[in-house]
Amino acid sequence: MDLYFDESGTLTQRYCETNPYFIIAMVRPLDKDKLKRAYKRFIQENLDKLKRLDNGENKMFKDGKFVELKGSQFNREMRQEFVKYFARNNYFQLYYILVDNSLIKPHFCDNTARAFNYIIKLSLKFYFNKGLLPDEDYNLQFDERNEKTETKHFLENYLRTEFLLDQTLTHEIHVQYFDSADNMLVQVADVLANILYAHKRTNAYLREINYLYQNGYLKYVFRFPYNGNHGV
């Protein structure tokens, strides 16, 4: 099974007043090929709107050519259109990880790569133990996040060791990093992460979040640190 991850916001305790939340979206395709075709159609049908939203910043376009979707460039209308377009054919499931930076202990983020990996491990362990994800082989696909070469294999080894020791998972787990421009479904995760991030900052996307939940796309929101509530 392939799982696709991307994030929105900043993982930080020191600057939590200006960066209150860090969001990770995990997309589990139910029909990968159809989801990719939906991605291509969405771009074709919204190309001019996306170009205007990019506004010459070269985030989604370079030299006039489309490169990748970036949820941070979307406005309210485009985020709404994205949910409406993708959440209609049951091609995927969505799992959120919602980090409240104000609740993180001091020094937890001294090593942000280590902190990120720890949060990924905790959330996946929860999903496996609760039966939200089946026990089978996994290929986790991430945006490169400026990962250093020597740390790229750390998450894979870390997850394998942790899950083997406590028998959380009896199958193989692999981790891959991509330039997000080369991975359509990491881009889908990017936009979905940004939608929840924008909602936490503005409270303007409750209808979209509820639609994803009520129609079976949004399966769970894992909060870190856990505060007795696993909702949005």
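The values are calculated or read from the model by the stated rules, or taken from the named source; none is laboratory data. All figures in this text were calculated on a predicted structure; none of them were measured in a lab. Backbone-built Cβ (ideal geometry, glycine too); neighbour counts: all protein chains shown. Ligands, DNA and RNA are stripped out before the accessible areas are found, and what is left, the full protein with its side chains, is counted by its heavy atoms. Shrake-Rupley method; radii C 1.70, N 1.55, O 1.52, S 1.80 Å.
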Test: residue in the range 94-104 that is in contact (Cβ under 8 Å) with a residue 12 or more places away in the chain and assigned to a loop (DSSP other than H, G, I, E, B) | yes
Among all residue pairs at least 6 apart or on different chains, which show Cβ distances below 7 Å where the first residue, located in the range 187-209, is aromatic (F, W, Y) and the second is surrounded by 19 or more Cβ atoms within 10 Å (Cβ to Cβ) and assigned to a helix (DSSP H, G or I)?
-> Y205/R79; Y205/I195; Y205/A198; Y205/H199
Within the range 37-66, the residues that are open to solvent by 100 Å² or more (accessible area, probe 1.4 Å), closer than 19 Å to D182 by Cα and assigned to a loop (DSSP other than H, G, I, E, B) are D63
Pairing a residue in the range 106-129 that is farther than 11 Å from Y158 by Cβ and open to solvent by 40 Å² or more (accessible area, probe 1.4 Å) with any residue that is acidic (D, E) and assigned to a loop (DSSP other than H, G, I, E, B), where Cβ atoms lie under 9 Å and the two sit 6 or more apart in sequence or on different chains, gives K125/D166
When residues of the range 78-93 are filtered for being without any contact (Cβ under 8 Å) to a residue 60 or more places away in the chain and either in a loop (DSSP other than H, G, I, E, B) or surrounded by fewer than 17 Cβ atoms within 10 Å (Cβ to Cβ) (or both), how many remain?
-> 5
If you take the residues of the range 174-187 that are within 19 Å of Q93 (Cα to Cα) and out of contact with any Gly (no Cβ under 9 Å at 6 or more places or on another chain), which of them is surrounded by the fewest Cβ atoms within 10 Å (Cβ to Cβ)?
-> M184
Matching residues in the range 188-221 (surrounded by fewer than 16 Cβ atoms within 10 Å (Cβ to Cβ) and outside any helix (DSSP H, G or I)) number 4
Boolean, E144 is open to solvent by 20 Å² or more (accessible area, probe 1.4 Å), out of contact with any Lys or Arg (no Cβ under 6 Å at 6 or more places or on another chain) and within 28 Å of A198 (Cβ to Cβ) | yes
Report yes if some residue within the range 54-64 is under 28 Å from Y220 (Cβ atoms), out of contact with any Lys or Arg (no Cβ under 6 Å at 6 or more places or on another chain) and at pLDDT 95 or above; otherwise report no.
-> no
Kindly list the number of the only condition in (1) farther than 30 Å from L122 by Cα; (2) without any contact (Cβ under 8 Å) to a residue 40 or more places away in the chain; (3) charged (D, E, K, R); (4) open to solvent by 70 Å² or more (accessible area, probe 1.4 Å) that fails for K34.
-> (2)
